[in-house]
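Scroll down for the structure; my scribbles are underneath it.
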Amino acid sequence: MTQVEPTIAAERDRIQAMIEGRTLVDAMAETVAQYADEPAYSDKLNAPEGEAWRTLTWRETSERALDLAAALIELGVAKGDTVAIMATNRIEHYLADMGAVHAAATPMSIYNTLSPDQVAYVAGHAQPSVVFLETDDHRARWSRALEEIDSVKRVVMIDDDWADLIAAGAAYRAANPGVVEARAAELDPDDPATILYTSGTTGNPKGVVLTHHNVLYEALSTQEKAGLMDPQRSVSYLPLAHIAERVLGLYGPQITGSHMYAIGDPAQLLGALGEVHPTAFFGVPRVWEKIKTGVSAKLAADPDPANRKLVEDSMAAGLAWVEAQEVGGTMTPEIEEAYRKADEAILGFLKLLLGLDQVTWAGSAAAPMPIDVARFMAGLGLKVYDVYGMTETCGAVTANGPSAFKLGTVGQANPGMEVKLGEDGEILVRGPVNTPGYHRQEDATRLLIDEDGWVHTGDIGTLDDDGFFSVVDRKKELIITSAGKNIAPSNIENYLKESPLIGHAMAIGDSRPYVVAVLTLDGEIAPLMAQQMGIEFTDLADLARKPEILAAVQQAVDTANERLSRPEQVKAFELLPVEWTAESDELTPTLKLKRRVVNSKYADVVDRLYG
């Protein structure tokens with residue numbers, strides 16, 4: 001194994017010393033001791049009369065997690081057993097996870113959108129001893145798995161069985177003092193803290209093992225880079241099967257004592273932001289795109305040209321203020337003053353309307369943030385720090401942050417992490433956050449991690465002179481046309497989606513003579529724009545056939561093509577009469593394109609475009 005560069009090694013040693021010999025049980029015990037009566041988790045289920053949210057303090061969170069751990073031990077859950085959870089983001093989801101950890105078991109959140117066949121595959125592979133389910137729909141998704149596997153000792157329906165399980169655990173704890181503490185003490189930092197079955201854009205999901213050491217190092221290094229070492233107020237809405245939500249919504253708060261507001265339905269996110277006014281907020285790029293298109297549509301609808309000019313000038317001042325703070329930028333008193341006036345005039349009000357007026361850290365990951373979206377947010381005076389990582393690296397390995405950022409990049413390597421580019425431009429990662437491997441899949445592990453310990457991410461990147469990485473595209477998703485041109489589809493797709501009309505776009509052209517695109521309308525913005533244009537329509541499918549809409553989409557394609565090289569330009573497109581969502585086949589639960597599915601499902605459309 002090659003030597004670690006001395007400054008990286010020193011940073012790594014410093015953070016490792018802070019977590020040496022520790023597990024999540026230790027981290028939570030310290031947080032509970034320090035923040036016992038402070039709020040920990042809130043959700044909107046079963047809220048007290050007259051209140052919008054129900055809330056648990058850190059002391060209450062700890063007590064219920066310990067009761068759950070005792071209940072699991074009484075059910076016969078052994079150290080190292082897996083405990084599966086399929087539920088929305090709600091207090092019981094976090095508690096089930098923490099309870100399993102305190103029973104020295106391995107909790108694993110399962111995506112709510114997995115089909116019965118996919119659930120059966122995961123359950124057969126992981127062999128859970130207890131399964132927590134929330135709804136009848138979840139029970140139906142598990143029906144085949146529960147018929148086929150014999151490892152399950154108990155299925156807990158959260159709304160029906162939870163109170164009884166907590167009561168049984170409390171009674172068992174009282175009758176067996178120290179039983180949970182003794183079990184938790186068996187945990188080792190190298191034991192699994194979770195197994196995350198990746199949503200996967202191809203093939204069966206793989207179970208990524210993440211240890212207590214992995215998650216503590218990741219949470220600590222990420223919070224340090226982001227400047228979030230104090231308790232924050234934030235919103236948890238991404239699936240807890242997603243590594244970003246686990247780090248920011250589950251593991252990080254156990255270190256900092258933050259207060260998380262859980263949103264069971266992501267469609268309610270924008271409304272919740274207006275109630276919570278978070279101090280820290282993380283959004284996948286699609287969330288930021290939706291905010292941008294929503295604000296843009298409202299601003300464009302304002303009939304008063306003076307108002308539009310005020311917003312335009314103010315956002316120019318906001319963008320200049322953010323760009324002056326980038327690495328290589330220069331802040332001047334004039335820029336500061338122009339931004340102060342713009343913020344007082346309109347920007348502060350716009351952020352207040354969005355519920356983002358108190359945000360001190362805003363982040364994005366899961367896919368590269370389109371530069372136009374980052375610049376739009378900067379125009380509001382919001383620095384959205386793009387970060388990069390994957391489930392197999394326990395989340396972020398590079399990040400922008402308050403101390404150093406550049407729009408359009410995914411930042412510099414996190415403290416103690418080695419990140420480099422392979423000969424073909426692939427991003428390679430080595431450090432304490434790397435998974436030890438895939439659960440019971442040695443061949444796949446060997447393909448992921450080379451003999452020198454480098455994780456091969458499958459992403460193609462670039463690195464600038466200041467140490468900032470950018471992600472070009474997935475290695476396997478690069479388009480190589482029949483003329484031999486290498487093309488990054490995400491670049492084309494981001495330009496197309498700059499039109500508020502377009503919800504999703506997929507560029508196609510591998511082994512073909514030219515690039516074509518399959519497009520969908522934005523289900524929220526397109527109807528609003530159609531109303532403003534005076535177009536009568538019955539539904540989204542009807543709207544996708546309207547000549548005026550097709551003309552507007554053609555204009556969006558032409559505008560994108562003006563910014564692309566000739567081989568990258570979209571020569572033909574089809575606007576589909578459907579919307580792609582996390583519930584449909586075309587997207588993963590984190591709203592990434594399943595390119596193979598789209599190619600297969602719309603093969604007739606693609607053939608027509610090349611006809």
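Run the numbers on the range 478-609 and let me know its relative contact order in percent, using alpha-carbon pairs under 8 Å that are six or more apart.
Values: 201 pairs, mean separation 31.2, N = 132.
It rounds to 24 percent for the range 478-609.
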Out of Ile291, Ala399, Ala301 - ranked by how far each Cα lies towards the positive end of the dipole of the range 285-474, with unit charges on the beta-carbon of charged residues - the top one is Ala301
In debye to the nearest 20, the charge dipole size for the range 285-474, taken about the Cα centre with +1 at each Lys and Arg Cβ and -1 at each Asp and Glu Cβ, equals 780
Per the helix-only model, the chain has a calculated mean residue ellipticity at 222 nm (DSSP H runs of ≥4, -39500 (n - 2.57) each, divided over all residues, rounded to the nearest 500) of -12000 deg cm²/dmol
Between the residues Pro527, Ala541, Val570, the Cα farthest towards the positive end of the dipole of the range 515-573, that dipole coming from +1 and -1 charges on the beta-carbon of Lys, Arg, Asp and Glu, is from Val570
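Treating only the Cβ atoms of Lys and Arg (+1) and Asp and Glu (-1) as charged, compute the dipole magnitude of the chain about its Cα centre; round to the nearest 20 debye.
Working: 53 positive and 90 negative charges, 180 e Å.
Its charge dipole is roughly 860 debye.
Can you compute the charge dipole magnitude of the range 478-609 about its Cα centre, using +1 on each Lys and Arg Cβ and -1 on each Asp and Glu Cβ, nothing else charged? Give it in debye, rounded to the nearest 20. Mind showing how you got there, number by number?
Working: 14 positive and 19 negative charges, 135 e Å.
The calculation lands at about 640 debye.
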One can check that the equivalent ellipsoid of the range 285-474, built from the alpha-carbon gyration tensor with semi-axes equal to the square roots of five times its eigenvalues, has lengths in Å, largest first, of 38, 17, 13
Taking the alpha-carbon centre of each part, the distance from the range 113-165 to the range 33-67 in Å is 26
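Please state, as a whole number in µm²/s, the translational diffusion coefficient that the Stokes-Einstein equation yields for the range 1-126 at 4 °C and 1.567 mPa s, with Rh defined as the Kirkwood radius across alpha carbon pairs. Write down the numbers at each step before the final one.
On the way: Rh = 17.2 Å.
Answer, rounded: 75 µm²/s.
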Fewest-first ordering of Asp558, Asp459 by Cβ atoms within 10 Å yields Asp558, Asp459
Among GluC sites (Glu not before Pro) in the range 450-539, those in a DSSP loop whose Cβ has at most 10 other Cβ atoms within 10 Å are Glu451, Glu536
By the C-alpha gyration tensor axes a ≥ b ≥ c (rounded if a/c is under 1.5, else prolate when a/b exceeds b/c, else oblate), the shape of the range 304-360 is oblate
Ranking Trp580, Ala488, His504 by how far each Cα lies towards the positive end of the charge dipole of the range 478-609 (+1 on Lys and Arg Cβ, -1 on Asp and Glu Cβ), the top one is Ala488
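Could you tell me the relative contact order of the chain? Use alpha-carbon pairs under 8 Å, at least six residues apart, and round to a whole percent.
The normalised contact order for the chain reaches 12 percent.
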Read-out log10 I(q)/I(0) by the Debye sum over Cα atoms at q = 0.07 Å⁻¹, candidates (1) -0.44; (2) -0.62; (3) -0.50; calculated match is (1)
Of every Cα-Cα pair in the range 478-609, the percentage lying beyond 26 Å is 19
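Calculated FRET efficiency, Ala47 and Ser482, Cβ-Cβ r, R0 45 Å, to nearest 0.05? The partial results should precede the final answer.
Numbers: r = 59 Å, r/R0 = 1.32.
So the FRET efficiency works out to roughly 0.15.
Taken together, the values in this text are just the output of simple stated rules run on the coordinates, not laboratory data. On a predicted model such as this, the values are computed, not experimentally measured, just so you know. Cβ coordinates were reconstructed from backbone atoms using ideal geometry, including for glycine residues, and neighbour counts include every protein chain displayed.
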